[in-house]
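A short worksheet on the structure shown next.
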Amino acid sequence: MYEFAVTPAVTQIRRRGVEIATVAPASLAEELELQSGDRIMKVNGRPVRDYLDFRFQTGGETELVVDVRKANGEDWELNIERAEDEDFGLGFEQIVPRQCANECLFCFCKGNPDDARPSLFIRDEDVRLSFLYGNYTTLSSITEEEMNRVIEQRLTPQYVSVHATDVEVRAYLLGVDKERADISTKMSRLMNAGIEIHAQVVLCPEINDGAVLRRTIMDLAAFHPQVKSVAIVPLGLTRYNTDQRLTAVTPDFCRRTIAEVGEIQSELRQRLGTTFAFLGDEIYLRGGHAVPARAHYGEYPQIEDGVGMVRSFANEFEKLMRKLERQAPVQPHAVYGTIMTGTLFAPVLRRMIDRLNRRFATRLSVVAVDNLYFGGDVSVAGLVTGRDLLAVRSSVAGDFVIIPRTMLKSDEAVMLDGMRLEEIEESFGLPVQAVDFKAFSDLITAKLAHPGALVSGAAVTTAVAG
Ligand code: SF4
């Protein structure tokens with residue numbers, strides 16, 4: 001483990017090498033007597049900082065000299081010969097994100113209650129996590145070493161929070177000086193080296209909307225196809241972020257933005273053959289608009305940022321309905337349960353579930369869960385906490401409860417406020433299934449065939465981790 005869980009970019013202090021977390025049975029690593037707790041220090045004389053380095057430096061190499069610091073302090077030098085595609089069978093410690101050096105007006109950390117979990121205050125800004133998981137970075141404090149690494153190791157694509165190409169506006173939003181805010185040279189350098197970029201704009205009314213937004217989209221479009229897409233997502237204010245410089249997003253603002261950006265999208269589709277600049281689902285839902293059709297989203301380039309999730313869900317739901325039509329339901333009225341989601345998506349989901357109930361005589365209800373924890377205009381399912389769920393306990397009906405998997409941590413059955421899934425099950429006195437759409441579809445299909453069917457505990461865990 002690193003000595004400091006989170007440290008600023010420039011002063012990051014960490015132990016050298018990368019720690020082995022797991023060794024697969026009967027693997028090359030086991031044959032080499034590597035064990036969890038050992039650290040890989042160098043490969044072919046080059047220092048290893050994390051598992052990305054290990055992967056890069058061993059990739060395609062059949063003869064390797066690996067320096068290992070054993071857990072007991074011994075230093076080993078391993079001379080290894082392996083087949084080109086032979087896997088080591090090693091799992092490594094997680095990458096510890098480095099922190100940003102910005103003071104963004106809208107930073108989510110400012111919207112946390114004081115007693116929120118420490119991990120909610122991590123201001124990660126890490127090109128490695130951008131490549132691995134699609135986390136956004138601003139590039140404003142990227143070091144020369146990191147730039148070189150992205151290029152050398154081809155950490156592409158990179159997800160970049162641009163917010164505005166007008167440097168003055170960007171500097172204001174990021175709370176940094178104009179020199180740091182100007183990332184045009186860095187972006188050009190990355191793009192010239194073949195690194196693709198997906199950009200993001202957090203849209204703040206009266207700051208980077210209107211003409212500033214138009215210019216941002218057009219400036220970025222000039223770099224298409226190196227800049228692959230732009231996601232435009234609305235500012236989210238909790239009750240704790242009371243910065244007077246920020247103006248809340250309203251349904252009117254959403255409608256205006258849909259109209260303005262709609263014109264730009266048509267223009268770009270003609271010119272580039274892609275929508276290129278995508279509005280987040282939240283903007284359509286809050287503006288009272290239907291989300292665009294499947295073709296609008298192409299390959300769903302920024303679905304993880306809430307761009308196209310609703311369309312994708314709706315299309316998958318239609319497939320589920322068709323699949324259920326082909327299957328003869330057994331005792332459908334016995335499928336009796338509650339689905340909980342955030343207030344933003346609940347009305348859309350309720351319309352779908354009502355159709356399912358009418359067609360197949362199931363008894364499923366949708367409960368919209370208010371976000372009492374963060375308050376403000378936070379309405380997405382992914383920010384619902386355990387205590388928010390408990391607050392709607394009286395609305396639970398039936399034999400089981402379904403919640404979106406996004407309500408849990410990606411690698412653990414724990415809600416944002418630290419409440420465990422089992423605690424919620426205990427409070428409801430019912431099994432609670434945390435599902436993505438695939439697991440939801442499987443569950444409904446299985447229940448219509450066998451009303452008593454439940455996703456097993458192991459399956460829930462897989463769904464959560466997967
Ligand atoms: S880049 Fe801005 S929004 Fe992101 S963590 Fe840093 S201060 Fe917060």
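The values are calculated or read from the model by the stated rules, or taken from the named source; none is laboratory data. Since the structure is predicted, the reported quantities are computational estimates derived from the model, not experimental observations. All Cβ positions, even for glycine, are placed from backbone atoms using ideal geometry, and neighbour counts span all protein chains on display. Quick note on the areas: whole protein, heavy atoms, side chains included, nothing else; ligands and nucleic acids left out. Shrake-Rupley method; radii C 1.70, N 1.55, O 1.52, S 1.80 Å.
Descriptive notes on the structure:
- Neighbour-limited loop hits for trypsin sites (Lys or Arg not before Pro), the stretch 139-194 (at most 14 other Cβ within 10 Å; DSSP other than H, G, I, E, B): 154
- Karplus-derived HN-Hα couplings along the stretch 77-93 (A = 6.51, B = -1.76, C = 1.60, θ = phi - 60°), whole Hz, x at Gly and Pro: 10, 9, 9, 10, 10, 8, 5, 4, 9, 6, 7, 6, x, 9, x, 10, 4
- Two-site label geometry, residue 206 and residue 109: point separation in nm, points 7 Å out along Cα→Cβ: 2.6
- When the convex hull of its Cα atoms is viewed from all sides, the stretch 324-446 shows a mean projected area of 7.3 nm².
- Computed helical MRE - 222 nm, the chain, DSSP H runs ≥ 4 contributing -39500 (n - 2.57), nearest 500: -10000 deg cm²/dmol
- Once the Cα-Cα distance is subtracted from the 0.36 nm per residue extended length, the residue 255 to residue 84 segment shows a gain of 56.0 nm.
- Annotation: the stretch 246-372 has a Kirkwood hydrodynamic radius of 16.6 angstrom, from the mean reciprocal C-alpha pair distance.
- Among 155, 285, 406 - extreme Cα towards positive end, dipole of the chain, charges at beta-carbon: 285
- Accessible area in square angstrom per residue, the stretch 38-96, 1.4 angstrom probe: 53
- The alpha carbon radius of gyration of the stretch 288-354, expressed as a multiple of 2.2 N^0.38 Å, is 1.32.
- Under the Karplus curve 6.51 cos²θ - 1.76 cosθ + 1.60, θ = phi - 60°, whole-Hz ³J(HN,Hα) for the stretch 96-102, x wherever Gly or Pro sits: 8, x, 8, 8, 7, 10, 9
- Per DSSP, loop GluC sites (Glu not before Pro) in the stretch 297-390 with at most 14 further Cβ within 10 Å: 299
- Gyration tensor verdict on the chain (Cα atoms; rounded if a/c is under 1.5, prolate if a/b is larger than b/c, oblate otherwise): oblate
- Table column - 3J(HN,Hα) (Hz), the stretch 152-160, Karplus curve with 6.51, -1.76, 1.60, x for Gly and Pro: 5, 8, 6, 7, 10, x, 10, 9, 10
- Across the options 62, 197, 335, the greatest Cα extent toward the positive end of the charge dipole of the chain (unit charges at beta carbon of Lys, Arg, Asp, Glu) belongs to 335.
- Subtracting the Cα-Cα distance of residue 223 and residue 294 from 0.36 nm times their residue separation leaves 23.1 nm of extension gain.
- Counting only protein heavy atoms and a 1.4 Å probe, the stretch 202-331 has 47 square angstrom of accessible area per residue.
- Mean projection area, nm², convex hull over Cα of the stretch 224-315: 6.9
- Using only the C-alpha atoms, the convex hull of the stretch 145-283 corresponds to 120 Å³ per residue.
- The stretch 42-94, Cα convex hull volume normalised per residue, Å³: 87
- Three-way shape label, the stretch 92-206, alpha-carbon gyration tensor, a/c 1.5: oblate
- Net dipole in debye of the chain [+1 Lys, Arg Cβ; -1 Asp, Glu Cβ; about Cα centre; nearest 20]: 1940
- Heavy-atom accessible surface of the chain: percent carbon and sulfur, 1.4 Å: 51
- Which of 48, 444, 90, positive extreme of dipole for the chain (C-beta unit charges): 444
- Remark: the stretch 343-441 carries 42 Å² of accessible area per residue (probe radius 1.4 Å; ligands, DNA and RNA excluded).
- Calculated log₁₀ intensity ratio I(q)/I(0) where the Debye formula runs over C-alpha points of the stretch 286-326, q = 0.16, 0.25, 0.27, 0.32 Å⁻¹: -0.47, -0.87, -0.94, -1.08
- With a Förster radius of 41 Å applied to the beta-carbon distance between residue 248 and residue 36, the computed FRET efficiency rounds to 0.25.
- In this simple spin-label approximation, residue 316 and residue 167 carry label points 7 Å from Cα along the Cα→Cβ vector, and these lie 4.4 nm apart.
- At 1.306 mPa s and 10 °C, Stokes diffusion of the stretch 16-173 via Kirkwood alpha-carbon radius, µm² per second: 88
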